[in-house]
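S.K.: One structure follows; several queries about it will come next.
The values are calculated or read from the model by the stated rules, or taken from the named source; none is laboratory data. What you are looking at is a predicted structure, and each value in this text was computed from that prediction instead of being measured. A quick note on method: Cβ atoms are made from the backbone with ideal geometry, for glycine too, and the neighbour counts reach across all protein chains shown.
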Amino acid sequence: MDLALVLDFELDADKISARLYLGVMSQDQYVAHGLVSNGSSYLFLRRCDGRYLGGEWDIPGGTVEAGESPEDAAVRECFEETGLVAKCGELITHYTNADTEGRDLAFHTMTYKMNWKEEDLTNGIKISEEEHDDAIWLSIDDALDLPLVWHVRQTLNFARSLFT
């Protein structure tokens, strides 16, 4: 059994609260994402129609594999989905929700600030065509006008207060 110490943030109308708790990783599913910045713009990927959350805009991320840390998963997923070599920064948000398919487990969705090597952009973003059909760099405010995956919208609303 793998144990994880988790810091969970919530943003209310006028305050930010945080909870620290010990979670059991083997019974829950962990998903790690990276909010990749290019100055004041951030990278968004549109999920392919016909897939889970198809047509919605997301950020690079995916399932944390066995024996992998969430930080390492965010870096791996960023490379697999965009071709960018990124370095994982601080945890921005951690959301927990019940399984949408009714299984007896919770999903933990963690988003990290991601730093990348500027020379990676010379060859452009190489999106994983199996998962995404478009990529775009936008400011947080402009991205909030898109149809976003739920956790991305919540993360951007929270990040807006941190990064602006």
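S.K.: For the structure I just gave you, tell me whether Glu71 is touching a Leu at 6+ places or on another chain (Cβ under 9 Å), closer than 24 Å to Leu162 by Cα and not aliphatic (A, V, I, L, M).
M.R.: For Glu71, the condition - touching a Leu at 6+ places or on another chain (Cβ under 9 Å), closer than 24 Å to Leu162 by Cα and not aliphatic (A, V, I, L, M) - is met.
S.K.: Between Val64, Val85, which is without any contact (Cβ under 8 Å) to a residue 40 or more places away in the chain and touching a Pro at 6+ places or on another chain (Cβ under 7 Å)?
M.R.: Val64
S.K.: Residues in region 54-72 that are closer than 24 Å to Ala143 by Cα and either touching a His at 6+ places or on another chain (Cβ under 9 Å) or surrounded by fewer than 15 Cβ atoms within 10 Å (Cβ to Cβ) (or both): how many?
M.R.: 8
S.K.: Now a separate question. Sort through Glu77, Glu71 and tell me the only one that's modelled with pLDDT of 95 or more, over 21 Å from Trp150 (Cβ atoms) and in contact with a strand residue (DSSP E or B) (Cβ under 7 Å, 6 or more places away or on another chain).
M.R.: Glu71
S.K.: Need pairs with beta-carbon distance below 6 Å; first residue in a helix (DSSP H, G or I) and within region 145-162, second surrounded by fewer than 16 Cβ atoms within 10 Å (Cβ to Cβ); sequence gap 6+ or separate chains.
M.R.: Pairs found: Leu156/Leu144.
S.K.: Still on this structure, please answer the following. Taking the condition out of contact with any Ser or Thr (no Cβ under 7 Å at 6 or more places or on another chain), at pLDDT below 85 and either of a type in the set (D, E, K, R) or closer than 16 Å to Ser41 by Cα (or both), does Glu131 pass?
M.R.: no
S.K.: May I ask you to list the residues in region 80-99 that are in a loop (DSSP other than H, G, I, E, B) and out of contact with any Phe, Trp or Tyr (no Cβ under 8 Å at 6 or more places or on another chain)?
M.R.: Gly83, the sole residue that qualifies.
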